[in-house]
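Accompanying notes for the structure given below.
The values are calculated or read from the model by the stated rules, or taken from the named source; none is laboratory data. None of these values were measured; they are calculated from a predicted model. For neighbour counting, all protein chains shown are included, and Cβ atoms are generated from backbone atoms with ideal geometry for every residue, glycine included. With ligands, DNA and RNA removed, areas are computed over all heavy atoms of the protein, side chains included. Shrake-Rupley method; radii C 1.70, N 1.55, O 1.52, S 1.80 Å.
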Amino acid sequence: MTPSRRSTFLPFALAVALLAAVLVPLRAGAMERNFAGSVQLDYHFVPTQPQANARGIGFDGFTTEAALKVTADISDHISANVKVCYGCHGFEMNMAYLDLRAADELNVRVGRFSPSFGSFNLRSDTANHRLSDKPLAYDMGRMLRLRTWNMGVLPSPFPDNGVEVNGTHWFGENVQGDYAVYAVSGFKGDSNGFDLDFEQSRSGSLYYVDNNARPTVGGRAALTLKLSPTSDMTVGASGMYGTFDPKNSLSYAIVGADLVFRFNRTNLRFEYLARRQEFDTSDASKLAYALAPTGGNFFVKHGAYGEIEHPVSKVVDVIGRVDLLHREGNVLRDLGLTRTSSVLRYTVGSTFAIERGFRVKASTELWQWSDRDGSGKNLDVGFHLAAVGSF
Amino acid sequence: MSSSAVWKRARALGVIAVVAFVGCVTNRSEGLDASKMPESVRPDYEVFAQRCSKCHSLARPLQSGIEDDAFWALYVARMRRQPSSGISMEDTTVILRFLHYFSEEQKRAKAKPSELLVAPAPAPAPAPLDASAPDAAEVAQ
């Protein structure tokens with residue numbers, strides 16, 4: 001087996017072994033277990049690119065994302081979750097963790113999981129969000145100019161190895177409070193890195209091990225208020241901090257705030273994220289701008305979106321979203337960004353329920369870039385058409 | 001930009017769109033038709049539908065295949081503990097009451113064909129279907 005084949009095969013083999021490890025004892029012990037999964041096929045068409053081919057700046061054409069998850073309630077106090085995903089990266093181990101629960105207010109999660117951050121995290125599965133694309137702040141690989149921008153602020157999901165203590169508490173019947181604090185391996189990058197290396201951070205070929213032995217720490221707190229029997233509001237704040245290079249000399253800090261309203265089946269969401277990212281300045285010739293005498297060793301990336309989802313009938317939902325990404329700070333030479341770059345994306349879309357558990361998603365996106373591309377354009381249009389099934 | 005390349009891709013989109021449109025005329029919702037439920041169950045269903053569609057579609061629980069009350073209790077408890085779930089203890093009771101009704105209906109639907117097969121052929125069987133589902137009738141009242 002070649003090294004590249006081995007690196008693709010290993011996460012898959014590990015996933016199958018873990019699934020088997022969860023399932024076999026369950027069969028013997030008659031424990032409660034639940035399977036869930038999803039499959040999405042998306043077609044992305046960008047007519048504004050030359051020859052209508054956007055491969056140079058993103059992924060167009062067909063992409064498939066699939067996930068299979070098994071949850072086992074081993075006892076009243078212990079449950080296990082294992083989730084395997086297949087997408088643009090091949091097979092990935094998205095979840096493999098145990099929840100050890102002393103009370104609703106005190107749960108200890110150990111293993112591999114996406115640490116609690118923001119409101120989108122819980123909906124990151126393709127079957128749970130109604131557009132083909134994630135919000136730009138959480139984009140993982142569907143955005144145009146993804147290499148220039150090195151994706152969003154915090155690509156979601158972001159599974160990592162570590163431990164999280166979380167809990168929920170109801171204050172009466174109308175107020176729910178949640179918290180989470182965690183320590184995880186954290187994102188990875190090179191010693192002479194200029195940004196987080198998301199490929200290195202997620203790669204199964206690196207065996208999901210840490211590169212600097214110093215955990216990234218973070219937390220989240222949220223409050224949900226029931227405004228009426230059919231409406232509620234959630235307000236939350238999140239943050240994480242860590243180093244990403246093997247020498248522990250370059251740090252990143254991400255903060256976020258979210259506000260979500262639900263009126264009957266209509267959802268209104270607002271979210272803001274920002275990442276302060278330090279980078280290596282030992283070779284200033286790589287940078288587009290002269291280094292400031294102090295404070296020139298970082299950039300800040302802001303991401304925000306507002307979104308509305310509204311069911312217009314039993315089978316049709318309409319969605320509207322406005323996304324912003326804004327980057328401030330020095331930049332690598334010839335990358336195509338300036339000291340202050342931004343992109344606005346306007347999306348309208350709809351989903352159609354064909355059968356229970358099977359939907360079609362359709363959406364149109366208008367991209368408005370602050371920086372013109374090689375041909376002088378600063379606008380792009382994209383269309384998505386997807387079929388998604390969940391079980 | 002080559003117009004033929006654009007049209008090739010547009011055709012691919014068009015084919016998927018036509019398939020999607022044809023599919024849409026089947027007019028199936030992801031939830032259940034509350035008008036076909038007993039009146040006493042409808043308020044419970046509304047709470048279930050409101051709370052359990054916040055993070056995922058209703059297809060998740062409705063197609064989970066779970067028919068056991070104890071299993072549902074663990075499942076709903078796990079969902080209640082999800083951050084910002086909005087599912088209170090009071091909601092849990094209502095949701096579990098609906099899921100009990102739903103499970104019994106599922107069992108009844110599954111039992112129908114086999115019971116019809118074993119029914120004596122010459123004389124009509126004395127309502128074996130009702131006898132098989134006392135719990136469902138109880139919940140429906």
Discussion item. Compute, for region A:310-391, the length of the dipole vector about the Cα centre, with Cβ point charges of +1 (Lys, Arg) and -1 (Asp, Glu) only. Units Debye, rounded to 20.
Written reply: 140 debye
Discussion item. If I take every Cα pair under 8 Å that is 6 or more residues apart in chain A, average their sequence separation and divide by the length, what percent do I get for the relative contact order?
Written reply: 14 percent
Fill in: Set of region A:276-293 residues, backbone N closer than 20 Å to the point 7 Å along the Cα-Cβ line of A:SER370
A:276-279, A:287-292
Fill in: Linear extension gain, A:ASP76 paired with A:LEU100, 0.36 nm per residue minus alpha-carbon span
7.7 nm
Worksheet item: Between A:THR64 and A:ARG214, what FRET efficiency comes out of the Förster formula 1/(1 + (r/R0)^6) with R0 = 41 Å and r the beta carbon distance, rounded to 0.05?
Response: 0.65
Practice prompt. For the A and B pair, go ahead and give the buried accessible area with a 1.4 Å probe, both sides summed, in Å² to 100.
Written response: 4900 Å²
Worksheet, complete the sentence: Taking only protein heavy atoms and a 1.4 Å probe, the highest-to-lowest accessible-area order of A:HIS89, A:HIS129, B:HIS100 is A:HIS89, B:HIS100, A:HIS129
Discussion item. Counting only other residues whose beta carbon sits under 10 Å from that of A:ALA72, what net charge do I get with K and R as +1, D and E as -1?
Written reply: -1
Item to complete: Using +1 at the Cβ of each Lys and Arg and -1 at the Cβ of each Asp and Glu in region A:102-171, identify which of A:GLY141, A:ALA103, A:SER119 lies farthest towards the dipole's positive end.
Response: A:GLY141
Response to the item:
Mean projected area, convex hull of alpha-carbon positions in region A:231-314, reported to one decimal in nm², is 8.6 nm²
Worksheet item: Stretch A:THR338-A:TYR179 to full length: gain in nm at 0.36 nm per residue minus the Cα-Cα span?
Response: 53.4 nm
Worksheet item: Between A:ILE74, A:ILE354, A:ILE254, which gets the highest mean-square fluctuation from a Gaussian network model of chain A, Cα cutoff 10 Å?
Response: A:ILE354
Worksheet item: Where the accessible area of chain A is counted over protein heavy atoms with a 1.4 Å probe, how much of it, in %, is carbon and sulfur?
Response: 63 percent
Worksheet item: With each pseudo-label sitting 7 Å past Cα toward Cβ, what's the A:THR230-A:PHE270 distance in nm, one decimal?
Response: 2.4 nm
Worksheet item: Pick from A:ALA72, A:ALA36, A:ALA80: which residue has the top mean-square fluctuation in a GNM of chain A where Cα pairs under 10 Å get a spring?
Response: A:ALA36
Practice prompt. For region A:162-317, state the average projected area of the convex hull of the C-alpha atoms over all orientations, rounded to one decimal in nm².
Written response: 13.2 nm²
Response to the item:
chain A accessible area per residue, 1.4 Å probe, protein heavy atoms, integer Å², reads 41 Å²
Practice prompt. Pull out a ≥ b ≥ c, the square roots of the eigenvalues of the alpha-carbon gyration tensor of region B:30-74, then state rounded if a/c is under 1.5, prolate if not and a/b is larger than b/c, and oblate in the remaining case.
Written response: oblate
Worksheet item: Extension gain A:LEU41-A:GLU328, at 0.36 nm per residue separation less the Cα-Cα distance, in nm?
Response: 99.8 nm
Worksheet item: Along the positive direction of the dipole of chain A (beta-carbon charges: Lys, Arg +1; Asp, Glu -1; about the Cα centre), which of A:THR224, A:GLY376, A:ASN94 reaches farthest?
Response: A:GLY376
Discussion item. Please compute the alpha carbon radius of gyration of chain A, then divide it by the globular-protein estimate 2.2 N^0.38 Å. Two decimals is fine.
Written reply: 1.00
Worksheet item: Just the projected area, averaged over all directions, of the convex hull on the alpha carbon atoms of region A:125-242: how many nm²?
Response: 9.4 nm²
Worksheet, complete the sentence: In Å, the Kirkwood estimate of hydrodynamic radius for region B:47-96 over Cα pairs equals 11.0 Å
Worksheet item: Are there trypsin sites (Lys or Arg not before Pro) in region A:209-276 that DSSP puts in a loop and that have at most 13 other Cβ atoms within 10 Å, and which ones?
Response: A:LYS247
Item to complete: Assuming R0 = 25 Å, can you tell me the calculated FRET efficiency for the pair A:VAL316 and A:GLN51, based on Cβ-Cβ distance, to the nearest 0.05?
Response: 0.15
Worksheet item: With respect to the cross-link table entries A:LYS314/A:LYS361; A:LYS83/A:LYS247; A:LYS69/B:LYS54; A:LYS361/B:LYS110, which display a Cα-Cα separation exceeding 27 Å?
Response: A:LYS83/A:LYS247; A:LYS361/B:LYS110
